[in-house]
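The values are calculated or read from the model by the stated rules, or taken from the named source; none is laboratory data. Computed from a predicted structure; not experimentally measured. Here the Cβ positions follow ideal geometry from the backbone for every residue, glycine too, while neighbour counts run over all protein chains shown.
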Amino acid sequence: MSTVTNYLSTTAARFGDGWNRFWYLPSHPLPAAVLRIGTGLIAFWMLLTLGFDLLRYFGPFGIVRVSMLEAIYPTDVSLRFSYLDFVQDSGTLQAVHYAGLAIVLAFTLGLWAPVTSILSLVVFLSYFHRGRMLTGVDEPVVAMLLFYLCFAPTGACLSLDAWLKRRRANSASATCSSLCDAAPTYTATIGLRLIQVHLALIYFMMFCATLQYNAVWWNGTAVWWLIARPESALVDLRWLYQYPYLINFWTTSLIFFYLAFALLIWNRHARPLLVAISAIVWTGTAILTGLIPFCAAMFVAGLAFISAEQWKSLGCCKAEPAMPKAAA
């Protein structure tokens, strides 16, 4: 009996230690800052492009009116929030739109990041809660990143907040290296872990989707069906019909990449390779589908698996003494 008790207590203690290391071991906020820049640029671009049809969609006589949404989705009225619902005239709508763009830009630059991170999420969701029939696969991924980055100290480095902090401290220099200086914190770990877990689940669900549509995925023709839609592709690749084996290889590679990323990304030695391959995969997918924001968001989300030490070895940030690593 004592042997069983010791085994259970040891297992519980080890599980608890591993759980705490995974979620709460302090880590450097540099990866969160990189994600802030990438996510902010994507969100800013998506909102900027909506501005070209702002009045057509959300104006007083626009396509997406509040009365229409209430008629189509009567049960979702209490669950859907958008400050655009309270805008009654075109001039105010344009002013609110520019104010939203300014908030997202401030978040991207790392200005008042603890506040603008939350406000950017509110701005982004307001547009797509109002125009839910305008949404695609892009918005859920970007919203996921914006939400989890609210928990991370995204303005601790590579930001205007960090630059202003050093200026107020009469720092002699505000170089890129100095803007990377920040203390490790457990909130940086929590934000990144949430993104990592969610992204791995997205990849796994994408793999499961290939099983659902096995008629085109497992016979190697899925990529061809994307190529055969030149209205959405960035480049007309229909000439590839001459190379069926290449199309088959491309399709099969996507299937196994989705599964490999979901399972092997937790191996610290496989991470750099998988993130590098993801750049190729999502560039190719953007060419095939024209879904540039979605592909960019998926690649940026994968950067959550790049550690601060790896970023410093790639960029201008000066190296610092090694710190304890969070468990993979």
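Annotations for the structure displayed:
- Matching residues, region 144-168, being among the aliphatic types (A, V, I, L, M) and over 14 Å from the mean Cα position of the chain (by Cα): Ala156, Leu158, Leu160, Ala162, Leu164
- Selection of region 190-223 for residues being part of a helix (DSSP H, G or I) and either over 21 Å from Val141 (Cα atoms) or free of Cβ contacts under 8 Å to residues at least 24 places away in the same chain (or both) yields Val197, Met205, Cys208, Ala209, Leu211, Gln212, Asn214, Ala215, Val216, Trp217, Ala222, Val223.
- Of all residues in region 85-103, those that are aromatic (Phe, Trp, Tyr) have Cβ atoms under 9 Å from Cβ atoms of residues that are surrounded by fewer than 17 Cβ atoms within 10 Å (Cβ to Cβ), 6 or more apart or on another chain, in Tyr98/Gly51.
- Residue among Leu111, Leu146, Leu134, Leu121 that alone is touching a residue at least 40 places away in the same chain (Cβ under 8 Å) and buried (at least 19 other Cβ atoms within 10 Å of the Cβ): Leu146
- Any hit, region 224-239, residues being modelled with pLDDT of 90 or more, exposed (fewer than 13 other Cβ atoms within 10 Å of the Cβ) and part of a helix (DSSP H, G or I): yes
- Going through (1) closer than 25 Å to Trp266 by Cβ; (2) modelled with pLDDT under 90 one by one, Val141 falls short only on (2).
- Matching residues, region 76-110, being among the hydrophobic types (A, V, I, L, M, F, W, C) and not in a helix (DSSP H, G or I): Val77, Leu79, Phe81, Val87
- For region 267-290, the set of residues classified as farther than 24 Å from Asn214 by Cα and surrounded by fewer than 15 Cβ atoms within 10 Å (Cβ to Cβ) consists of Asn267, Arg268, His269, Pro272, Leu273, Ala276, Ala279, listed by residue number.
- Some residue of region 22-30 being part of a helix (DSSP H, G or I), under 18 Å from the mean Cα position of the chain (by Cα) and aliphatic (A, V, I, L, M): yes
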